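Novice: Before I ask anything, here is the structure I am working with.
Read-outs throughout are calculated quantities, based only on the coordinates presented, and are distinct from any laboratory measurement. Just so we're clear, the structure is a prediction, and the values are computed from it rather than from any experiment. Using ideal geometry, Cβ is built from the backbone for each residue, glycine included, and neighbour counts are taken over all protein chains shown.
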Amino acid sequence: MAPAPIACGQSSNSSPNSKLVVRTKPRTVSAEDGLSILAAALDSSARVHSANDCSHLAHAIYERAGFPYAYASSSDLYEGVNKFERVSQPQPGDLIAWRGHVGIVVKPSRHIFFSFLRSGPGTDDWASPYWKMRGRPRFYRYLQNPARHGAKLLSTTGSGLPK
């Protein structure tokens with residue numbers, strides 16, 4: 001006699017009342033999403049409604065583009081926060097962070113980023129002597145679902161709800 005087929009979400013060594021809940025790895029924003037972040041950055045109304053510093057400007061831009069995160073200082077962003085994943089190859093819309101400064105990548109091939117600079121919101125070259133003097137920047141990409149990853153076997157009641 002052949003063994004009974006395994007139901008979707010059930011492993012061969014689990015009871016009929018166990019269900020495998022698979023949580024996906026967090027997904028980073030797409031290149032297209034990055035362009036919508038850039039559009040929000042270049043929208044002058046987003047700049048007017050942000051405070052006069054780089055971290056509040058970046059936060060306002062991400063909020064306006066539909067990618068919310070809890071406000072974090074530039075130093076916290078440099079160290080890494082829950083809604084962002086550090087990446088080695090930046091794309092438009094990613095965060096660029098130094099200790100004490102943050103911006104948004106505009107054109108990685110030309111090292112161009114947007115931020116609140118001494119003269120106000122604008123673009124600059126992160127490969128210029130001034131930014132090189134600040135140290136090596138870190139790049140971060142927004143995560144769509146940062147808390148959903150891993151897999152867990154849950155015992156369920158007959159109704160399919162966890163016990």
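Novice: Kindly state, to the nearest 0.05, the FRET efficiency for residue 75 paired with residue 136, given R0 = 22 Å and r defined as their beta-carbon distance. Walk me through the numbers on the way to the answer.
Specialist: Values: r = 15 Å, r/R0 = 0.69.
E(calc), rounded to 0.05, equals 0.90.
Novice: Arrange the following residues from fewest to most other Cβ atoms within 10 Å of their Cβ: 56, 101.
Specialist: On the way: 56 17, 101 21.
The order, fewest Cβ neighbours first, is 56, 101.
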